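S.K.: I'd like to ask you about the structure that follows.
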Amino acid sequence: MPVAPHISDFMASSSFIRKMFEEGMQLKQQYGADKVFDFSIGNPDLEPPAKINEMLRELGESHESRLHAYMPNAGYPETRKAMAEKVSGEQGVEIPFTHIVMGCGAAGAMNSVLKAILSPGDEVLVSAPYFVEYGQYVRNHGGTLVTVPAREDFSLDIAAIGAALNGKTAAIIINSPNNPTGKIYSSDEMEQLGKTLEAHRATCGRTVMIISDEPYREITYNGKTVSPIFPWWKDTVVVSSFAKNLSLPGERIGYTAICPDAENSLELAEAVAYTTRILGFVNAPATFQRIVAACWKESVDYSVYEKRREILMEILDAAGIPFLTPEGAFYLFCRVPERKHTTGEAGDDAAFCDHLKKYRILAVPGRGFGKAGWIRLAYCISERSIALSRDAFIQAGSAW
Ligand SMILES: Cc1ncc(COP(=O)(O)O)c(C=O)c1O
């Protein structure tokens, strides 16, 4: 059976991170794992908190019946109550459990939200650079992703966002701490964004929803915290997961939290539960709903990422590769340095990644995140591997 041509095209253009991941596996087989420095994928390598395995064992030995049965599409009430407590604390707004819908990771949650709100021809704005999958998620539901370049320091360009809003804009996705830049948006940016959306509503009549994608909220450095958004814009939904903060990406457990003061907020929550069903997720995984209800206050030791960040920044400095200091998440976004010994287009991020590969360093070109001229390094690999990459980076930097 032939694959639909548009899917073939999208697959060809969107598979670069996975391609890099597969190339990394091949290189490791060829040269040995110690000699390949794989900064390509944001797959947390820290073990989840011990309590998670303890609960898994307990649940495995439990005689409770119907542990694996279907449940309401929105999830177990106890889990939704726990998530309501979590997000209420983060947003400073009391959220009833009726406004939580459990989802299959942040990605599943975002797809359920987009399915619930998009009509054909709608646009969704995002500040670039951005997590590459957003384009596919929006397209899944008949929408178009419109990118608005961030400011030079990767903060939101509020004026440019205001200029990009129009009658077709249904939503804006924000992601803080950001993948790929590690930027955390300030409370002031949130306030300005809210005011811009209010002005747009007053002139255009359409309410634009903020979708705040927050899987990295807990992973921050130097005591920084992520500001709430509900106080600045009521038509906001948070989508998040435990993929990154509890190192559970393969378990596909996340949630949507809808601001109770949003227009028709309860109807929206019911719609997200419905779209979770009709997208074929049906409900978020039962076992991990029980686990996160009990373990959401646990954490892994994020200071490990902070230390790796310091080591990698020192190496990049020594290699002459400029970067933006990340405030959160576990990505370093680096500018392609000036060429001294190679020829070709200045700032060619794909060529620079190919060059790094010769030194067995795997990085992802920024153009895949909507920002050519930059590359992304994911430092969720061991401190040892980062330290061992030093010579390779220095050689690669001086030969470029
Ligand atoms: C910004 C961002 N949003 C969403 C996701 C998807 O997260 P999940 O695995 O919880 O679906 C990722 C995964 O890397 C991400 O970086």
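The values are calculated or read from the model by the stated rules, or taken from the named source; none is laboratory data. Since the model is a prediction, treat every value here as computed from it, not as a measurement. Ideal geometry is used to build each Cβ from the backbone, glycine not excepted, and the neighbour counts take in all protein chains shown.
S.K.: Based on what the data block shows, is residue 93 in the same structural domain as residue 389 (by TED's automatic domain parsing) and of a type in the set (A, V, I, L, M)?
M.R.: No.
S.K.: Looking at the range 178-215 only, could you name the residues that are part of a helix (DSSP H, G or I) and either outside the structural domain of residue 108 (by TED's automatic domain parsing) or among the hydroxyl-bearing types (Ser, Thr, Tyr) (or both)?
M.R.: The answer is 187, 196, 203.
S.K.: Mind checking which residues of the range 324-339 are within 16 Å of the ligand (Cβ to nearest atom), crowded, with 24+ Cβ neighbours inside 10 Å and either in the same structural domain as residue 216 (by TED's automatic domain parsing) or part of a loop (DSSP other than H, G, I, E, B) (or both)?
M.R.: 326, 329, 330
S.K.: Being within 22 Å of the chain's Cα centre (by Cα) and of a type in the set (Lys, Arg) is true for just one of 335, 290. Which residue is that? Before the answer, list the steps.
M.R.: Details: 290 fails: within 22 Å of the chain's Cα centre (by Cα).
One residue alone meets the criteria, 335.
S.K.: Checking residue 269 against (1) within 16 Å of the ligand (Cβ to nearest atom); (2) farther than 21 Å from residue 327 by Cβ; (3) small (Gly, Ala, Ser); (4) surrounded by 21 or more Cβ atoms within 10 Å (Cβ to Cβ): exactly one of these is not met. Which one?
M.R.: Answer for residue 269: the failing condition is (1).
S.K.: Within the range 173-206, which residues are touching a strand residue (DSSP E or B) at 6+ places or on another chain (Cβ under 9 Å) and more than 25 Å from residue 313 (Cβ to Cβ)?
M.R.: Answer for the range 173-206, where residues must be touching a strand residue (DSSP E or B) at 6+ places or on another chain (Cβ under 9 Å) and more than 25 Å from residue 313 (Cβ to Cβ): 173, 174, 190, 193, 194, 197, 200, 204, 206.
S.K.: Can you pull out the residues in the range 212-233 that are farther than 18 Å from residue 303 by Cβ and within 16 Å of the ligand (Cβ to nearest atom)?
M.R.: 212, 213, 214, 215, 229
S.K.: Quick check on residue 306: is it away from the ligand (no atom under 16 Å from the Cβ) and not aliphatic (A, V, I, L, M)?
M.R.: Yes; evaluated as a whole, the condition is true for this residue.
S.K.: Hey, another quick one. Among (1) more than 16 Å from the ligand (Cβ to nearest atom); (2) modelled with pLDDT of 95 or more, which single condition is residue 64 missing?
M.R.: For residue 64, the failing item is (2).
S.K.: So if I check each of 365, 322, 337, which one is within 27 Å of residue 150 (Cα to Cα) and in contact with a helix residue (DSSP H, G or I) (Cβ under 6 Å, 6 or more places away or on another chain)?
M.R.: 365
S.K.: With (1) part of a helix (DSSP H, G or I); (2) away from the ligand (no atom under 16 Å from the Cβ) as the list, and residue 368 as the residue in question, which single condition is left unmet?
M.R.: All conditions are met except number (2).
S.K.: Let me ask something additional. Take the range 93-152 and flag every residue that is in a strand (DSSP E or B), within 16 Å of the ligand (Cβ to nearest atom) and either touching a helix residue (DSSP H, G or I) at 6+ places or on another chain (Cβ under 6 Å) or closer than 17 Å to residue 252 by Cβ (or both).
M.R.: 100, 101, 102, 103, 124, 125, 126, 145
S.K.: Here is a follow-up. Checking residue 41 against (1) free of Cβ contacts under 8 Å to residues at least 12 places away in the same chain; (2) outside the structural domain of residue 274 (by TED's automatic domain parsing), which single condition isn't satisfied?
M.R.: Of everything listed in (1) free of Cβ contacts under 8 Å to residues at least 12 places away in the same chain; (2) outside the structural domain of residue 274 (by TED's automatic domain parsing), residue 41 misses just condition (1).
S.K.: Test residue 247 against the criterion of being crowded, with 22+ Cβ neighbours inside 10 Å, among the polar types (S, T, N, Q) and either within 12 Å of the ligand (Cβ to nearest atom) or in a helix (DSSP H, G or I) (or both), and give yes or no.
M.R.: Details: crowded, with 22+ Cβ neighbours inside 10 Å: no; among the polar types (S, T, N, Q): yes; either within 12 Å of the ligand (Cβ to nearest atom) or in a helix (DSSP H, G or I) (or both): yes.
No; evaluated as a whole, the condition is false for this residue.
S.K.: Find the residue count for the range 1-42, including only residues that are among the polar types (S, T, N, Q) and crowded, with 16+ Cβ neighbours inside 10 Å.
M.R.: To start, the set of residues in the range 1-42 that are among the polar types (S, T, N, Q) comprises 8, 13-15, 26, 29-30, 40.
When the remaining residues are screened for being crowded, with 16+ Cβ neighbours inside 10 Å, the result is 40.
Residues meeting the conditions: 1.
S.K.: Further question on the same structure: Working only within the range 340-365, note down all residues that are in a helix (DSSP H, G or I) and in contact with a strand residue (DSSP E or B) (Cβ under 7 Å, 6 or more places away or on another chain).
M.R.: Step one: list which residues in the range 340-365 are in a helix (DSSP H, G or I), which gives 349-358.
Within the range 340-365, 349, 350, 352, 353 qualify.
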